[in-house]
Amino acid sequence: MITTHSLGFPRIGRQRELKFALERYWKKAISAETLLETATHLRIQNWQDQAVLDWIPAGDFSLYDHVLDTSFLLGNIPERISRLSGNELDHYFRLARGRGVSDDADCACVSAGELTKWFDTNYHYIVPEFDKNTRFSLNAGPLLQQIQAARQQHNQVKPVILGPVTYLWLGKCKDATDKHDLLDGLIHVYEQLFRDLKDAGVTWVQIDEPVLVMELSDSWKHALRKTYYQLQAAPVNLMLTTYFGQLQENLQLVCELPVAGVHLDAVTARDEVVKVMDWLPGHKILSLGVINGRNIWKTDLNAVLDWLEPIHARLQERLWLAPSCSLLHVPIDLNSEQALDADIHSWLAFAVQKLQEVKILATALDHGRQSVYDALLENQGIIESRQQSERVHRAAVKSRLLEISPAMYRRKSSYSQRAAVQRERIPLPLFPTTTIGSFPQTQAIRQTRLDYRKGKLSAEAYQSAMQAEVEQCVREQEALDLDVLVHGEPERNDMVEYFGEQLEGFTSTQFGWVQSYGSRCVKPPILYGDVLHTHEITVGWIQYAQSLTGKPMKGMLTGPVTMLNWSFVRDDQPRSETCKQLALAIRDEVLALEKAGIAIIQIDEAALREGLPLRKSQWQDYLDWAILAFGIAANGVQDSTQIHTHMCYSEFNDIMEAIGRMDADVITIETSRSAMELLDAFDQYHYPNEIGPGVYDIHSPNIPSEEAIIDLMKKAAQRIPVHRLWVNPDCGLKTRSWEEVKPALKNMVAASRYLATAFKETKAS
């Protein structure tokens with residue numbers, strides 16, 4: 001009989017219960033006990049949802065981030081956190097967001113851990129920190145408690161552990177320490193952990209090493225061999241788990257490591273399955289991730305069975321089935337969606353439905369297709385319906401793609417020529433200040449949008465309410481003396497979802513939430529068909545905001561690459577083709593803003609880097625078409641129109657040259673949590689245009705001091721000419737409160753004015 005299992009499940013709850021509990025706890029509206037009770041309830045619900053399979057996971061649930069959980073499991077807590085008073089929960093949230101619940105709002109709070117993207121996903125993790133004083137010590141109590149609780153729901157429980165090599169690889173050294181020197185101590189803690197798990201009755205452990213789908217140096221390959229040969233005496237069975245890509249040159253290494261089983265992402269690495277079967281010793285289990293854990297389309301079950309049946313005939317009971325990766329990256333339950341178009345609804349599968357697909361496949365392989373005949377017949381009809389739907393394919397969109405020419409994705413003049421024209425049209429001081437786009441989304445704003453969607457508010461009343469919010473936002477920015485203003489985006493629920501709701505070819509869900517980081521959840525739109533721009537989306541809002549002030553107002557758009565990477569994208573054509581369709585749609589909106597007299601247009605590409613293939617050898621193809629798509633969207637404007645773009649929370653140093661090729665007049669980019677680490681890239685690459693390195697960490701409630709901002713900008717000025725530097729937060733402000741935003745921006749503006757004066761005096765002397 002085939003064994004089925006889950007690699008992980010969404011944590012947030014069907015109604016985002018974890019999000020709301022966390023935010024209430026941070027505001028001291030509920031106790032720690034109430035927060036932990038909510039977490040316990042959600043874990044139980046998750047285990048019940050996964051009980052359709054043979055093995056359920058434990059340890060995949062997290063209050064904030066599973067990599068941060070691993071740091072606490074291993075006792076790797078930075079000294080700036082561990083030396084403070086307070087309990088473990090305070091330490092946990094201090095590292096996650098810079099402040100524990102016991103900390104006073106006016107205290108000198110600590111720096112939060114760096115936040116960056118989890119491989120090529122839109123999930124963010126807290127980067128582990130290492131230095132010469134790093135020592136690991138096991139803290140397995142919380143994990144053991146989860147395992148014990150899971151056993152009350154299911155007989156077979158499989159702990160999920162981030163592997164030691166991936167943990168080291170993800171982390172950063174804060175001094176000259178070599179991460180490899182920490183491996184021996186780390187292995188020792190894992191050995192102790194496995195003994196404790198054995199004592200707790202555990203037989204199988206899922207140990208995740210997604211680093212194995214990356215291009216690894218010899219030193220990292222040696223680290224993997226050393227780790228698993230030393231751990232081969234572990235008293236539990238290890239399921240070495242890889243996902244998100246192909247093993248390629250690491251395939252033989254994976255098969256030879258002394259573990260009891262290997263999980264392969266058979267969605268992205270299907271071509272490698274036969275090779276793995278050939279290499280894998282006969283006593284090892286092969287787990288295949290046959291259901292896509294990162295997208296929401298129903299699986300063609302008959303086609304998968306055609307492929308799986310000969311594999312099953314060869315492996316028999318050595319074959320396990322699972323989703324390709326943790327289901328953290330998809331919504332929980334399609335049955336919650338009552339308002340979706342019936343056809344599109346039938347094409348989808350969320351986490352609960354994906355586990356049912358795994359079960360159907362296993363049943364068909366064990367007992368024959370006839371045993372699940374009705375399910376397979378229904379699935380076949382749905383797959384054919386989607387393939388043949390006229391709603392998916394639009395001849396007009398296909399025709400327009402053929403009209404794309406090189407002239408469409410290049411600016412008419414060089415940056416230096418454009419800059420001179422723009423300075424004449426938009427006179428700005430040295431170190432100009434701006435924000436990234438959104439301002440606090442208050443409860444009143446959210447309630448107004450909800451009432452409008454439910455039909456409780458007329459279109460006229462809704463527009464009037466939103467215009468009042470825009471006016472307040474403009475007045476606050478004027479009072480702060482910001483140089484380039486934004487309208488605040490009160491009408492927008494999310495930077496991608498909002499535009500998805502306005503473009504043909506997209507649909508939206510009611511409850512399709514996915515965790516981005518901590519309590520931050522997003523609801524990715526579903527891109528099911530050819531994309532078409534049919535009406536002006538932002539022009540009215542931006543024109544109204546500009547009419548309220550004499551200062552320049554930025555038009556705010558989401559770029560095509562970010563629309564692609566932060567949506568659930570159709571899987572029936574190349575992503576590059578879909579991205580060009582998006583680029584043409586955004587281009588239409590850019591030109592409409594320019595025609596309306598808007599002098600500055602920001603086209604956010606926050607997700608540019610996360611679309612990179614995990615292997616560097618494959619980067620160039622992606623970057624070529626991604627940058628081309630941005631160019632199509634941005635570069636139809638006149639020289640006097642200033643194009644901005646924004647990127648956040650990724651590692652950009654190694655693609656700065658490609659970012660330069662985007663030729664945006666101004667780029668704003670995250671640098672605050674990484675202490676301007678990004679600027680190291682400019683030691684080798686001279687960025688040609690203007691740049692605003694984010695000096696204010698908006699993901700933390702901490703308010704940056706004027707002195708801290710000045711210090712960061714002085715570091716920037718060592719690499720970039722001051723006349724090309726902007727001062728701005730590192731991301732949008734929608735998740736913060738006005739009480740946090742106003743003093744932070746006041747300090748930011750004061751720092752800008754100080755720097756402008758200081759550099760003018762230096763130049764004069």
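When segment 539-574 is examined, which residues are found to be open to solvent by 30 Å² or more (accessible area, probe 1.4 Å), of a type in the set (A, V, I, L, M, F, W, C) and closer than 30 Å to Y622 by Cα? Matches in segment 539-574: W566 only.
Let's see how each residue does on (1) among the hydrophobic types (A, V, I, L, M, F, W, C); (2) part of a helix (DSSP H, G or I); (3) more than 30 Å from I2 (Cβ to Cβ):
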residue	(1), (2), (3)
L361	yes, yes, no
Y373	no, yes, no
G381	no, yes, no
Q387	no, yes, no
S399	no, yes, yes
M408	yes, yes, yes
Q417	no, yes, yes
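Quick check on segment 444-465: of everything there that is in contact with a helix residue (DSSP H, G or I) (Cβ under 7 Å, 6 or more places away or on another chain) and assigned to a helix (DSSP H, G or I), which residue is least open to solvent (accessible area, probe 1.4 Å)? Selected residue: I445. Being aliphatic (A, V, I, L, M), open to solvent by 10 Å² or more (accessible area, probe 1.4 Å) and at pLDDT 95 or above is a property that A596 has. Selection of first residues in segment 15-39 that are over 21 Å from A149 (Cα atoms) and of second residues that are of a type in the set (F, W, Y) and in a helix (DSSP H, G or I), restricted to Cβ pairs under 9 Å at least 6 apart or on distinct chains, gives the following pairs, ordered by first then second residue: L22/F93; Y25/F93; W26/F93; S31/Y25. Scanning segment 422-431 for residues that are crowded, with 21+ Cβ neighbours inside 10 Å and part of a loop (DSSP other than H, G, I, E, B) gives a single hit, F431. When N155 is tested against (1) open to solvent by less than 10 Å² (accessible area, probe 1.4 Å); (2) more than 28 Å from F652 (Cβ to Cβ); (3) modelled with pLDDT under 95, exactly one condition is not met: (1). Among the residues of segment 482-496, the ones that are in contact with a strand residue (DSSP E or B) (Cβ under 7 Å, 6 or more places away or on another chain), of a type in the set (D, E) and open to solvent by less than 20 Å² (accessible area, probe 1.4 Å) come to 2 in all.
Output the number of residues of segment 210-236 satisfying the condition of being open to solvent by 20 Å² or more (accessible area, probe 1.4 Å) and in contact (Cβ under 8 Å) with a residue 60 or more places away in the chain. Matching residues across segment 210-236 total 2. Here R24 passes the criteria (1) farther than 25 Å from V514 by Cα; (2) open to solvent by 10 Å² or more (accessible area, probe 1.4 Å) except the one numbered (1). Within segment 382-421, the set of residues being in contact (Cβ under 8 Å) with a residue 40 or more places away in the chain, surrounded by 11 or more Cβ atoms within 10 Å (Cβ to Cβ) and among the aliphatic types (A, V, I, L, M) comprises I382, I383, V392, V397, L401, I404, M408, A419, V421. Scan segment 554-579 and report the pairs whose first residue is closer than 23 Å to L402 by Cα and whose second residue is among the aromatic types (F, W, Y), with Cβ atoms within less than 6 Å and a gap of 6+ or a chain change. Sorted first by the residue in segment 554-579, then by its partner, the pairs are G559/F630; R570/Y528; D571/W297; S576/W625.
W320 meets all of the listed conditions (1) assigned to a loop (DSSP other than H, G, I, E, B); (2) touching a strand residue (DSSP E or B) at 6+ places or on another chain (Cβ under 9 Å) but one, namely (1).
Filter segment 739-763 down to the residues that are more than 28 Å from R492 (Cβ to Cβ) and surrounded by 20 or more Cβ atoms within 10 Å (Cβ to Cβ) and list them by number. Once the filter is applied, which keeps residues that are more than 28 Å from R492 (Cβ to Cβ) and surrounded by 20 or more Cβ atoms within 10 Å (Cβ to Cβ), segment 739-763 yields A751, L755.
When A51, A96 are checked against the criterion of being modelled with pLDDT of 95 or more, more than 21 Å from the chain's Cα centre (by Cα) and small (G, A, S), A51 stands alone in meeting it. On the stretch given as segment 293-345, residues that are closer than 28 Å to I207 by Cα and of a type in the set (G, A, S) total 5. Residue count for segment 522-538 satisfying the condition of being surrounded by 19 or more Cβ atoms within 10 Å (Cβ to Cβ) and either more than 14 Å from the chain's Cα centre (by Cα) or among the hydrophobic types (A, V, I, L, M, F, W, C) (or both): 10. Taking the listed residues L7, L18, the one that is at pLDDT 95 or above, part of a loop (DSSP other than H, G, I, E, B) and surrounded by 19 or more Cβ atoms within 10 Å (Cβ to Cβ) is L7, with no other qualifying. For the criterion of being open to solvent by 10 Å² or more (accessible area, probe 1.4 Å), under 19 Å from T434 (Cβ atoms) and either of a type in the set (F, W, Y) or outside any helix (DSSP H, G or I) (or both), R736 passes.
Taking the condition under 30 Å from G611 (Cβ atoms), touching a Phe, Trp or Tyr at 6+ places or on another chain (Cβ under 6 Å) and either open to solvent by 10 Å² or more (accessible area, probe 1.4 Å) or not in a loop (DSSP other than H, G, I, E, B) (or both), does N295 pass?
Numbers: under 30 Å from G611 (Cβ atoms): yes; touching a Phe, Trp or Tyr at 6+ places or on another chain (Cβ under 6 Å): yes; either open to solvent by 10 Å² or more (accessible area, probe 1.4 Å) or not in a loop (DSSP other than H, G, I, E, B) (or both): yes.
Here the answer is yes, as N295 does meet what is asked.
Close contacts from segment 268-288, counting a first residue that is at positive phi and a second that is assigned to a helix (DSSP H, G or I) and of a type in the set (K, R), with Cβ to Cβ under 7 Å and a gap of 6+ residues or different chains, come to none at all. Does segment 579-600 contain at least one residue that is under 19 Å from the mean Cα position of the chain (by Cα) and assigned to a helix (DSSP H, G or I)? Yes.
Answer yes or no as to whether V304 is open to solvent by less than 50 Å² (accessible area, probe 1.4 Å), of a type outside the set (S, T, N, Q) and either under 30 Å from E390 (Cβ atoms) or without any contact (Cβ under 8 Å) to a residue 12 or more places away in the chain (or both). Show your work before the answer.
Details: open to solvent by less than 50 Å² (accessible area, probe 1.4 Å): yes; of a type outside the set (S, T, N, Q): yes; either under 30 Å from E390 (Cβ atoms) or without any contact (Cβ under 8 Å) to a residue 12 or more places away in the chain (or both): yes.
Here the answer is yes, as V304 does meet what is asked.
Would you confirm whether or not segment 609-624 contains a residue that is modelled with pLDDT of 95 or more, part of a helix (DSSP H, G or I), open to solvent by less than 20 Å² (accessible area, probe 1.4 Å) and closer than 30 Å to S217 by Cβ? Yes, that holds for at least one residue. When each of A633, A629, A658 is tested for being surrounded by fewer than 20 Cβ atoms within 10 Å (Cβ to Cβ), under 26 Å from A419 (Cα atoms) and touching a helix residue (DSSP H, G or I) at 6+ places or on another chain (Cβ under 7 Å), the lone residue that passes is A658.
Look at segment 237-255: where a residue is closer than 12 Å to S287 by Cα and a partner is open to solvent by 10 Å² or more (accessible area, probe 1.4 Å) and of a type in the set (D, E), sitting 6+ places away or on another chain with Cβ atoms under 6 Å, you get T241/D208.
Specify which of the listed residues (Q502, Q510, Q441) is open to solvent by 60 Å² or more (accessible area, probe 1.4 Å), touching a residue at least 12 places away in the same chain (Cβ under 8 Å) and within 26 Å of the chain's Cα centre (by Cα). Outline the logic, then answer.
Values: Q502 fails: open to solvent by 60 Å² or more (accessible area, probe 1.4 Å); Q441 fails: open to solvent by 60 Å² or more (accessible area, probe 1.4 Å).
Answer to the selection: Q510.
Each residue in segment 472-481 was checked for being in a helix (DSSP H, G or I) and either under 28 Å from the mean Cα position of the chain (by Cα) or surrounded by fewer than 17 Cβ atoms within 10 Å (Cβ to Cβ) (or both), and 5 of them qualify.
The values are calculated or read from the model by the stated rules, or taken from the named source; none is laboratory data. What you see is a predicted model, and the numbers here were worked out from it, not measured in a lab. Methodologically, a virtual Cβ is constructed for each residue, glycine included, from the backbone with ideal geometry; neighbour enumeration extends over all protein chains shown. Ligands, DNA and RNA are excluded from the accessible area calculation, which covers all protein heavy atoms including side chains. Shrake-Rupley method; radii C 1.70, N 1.55, O 1.52, S 1.80 Å.
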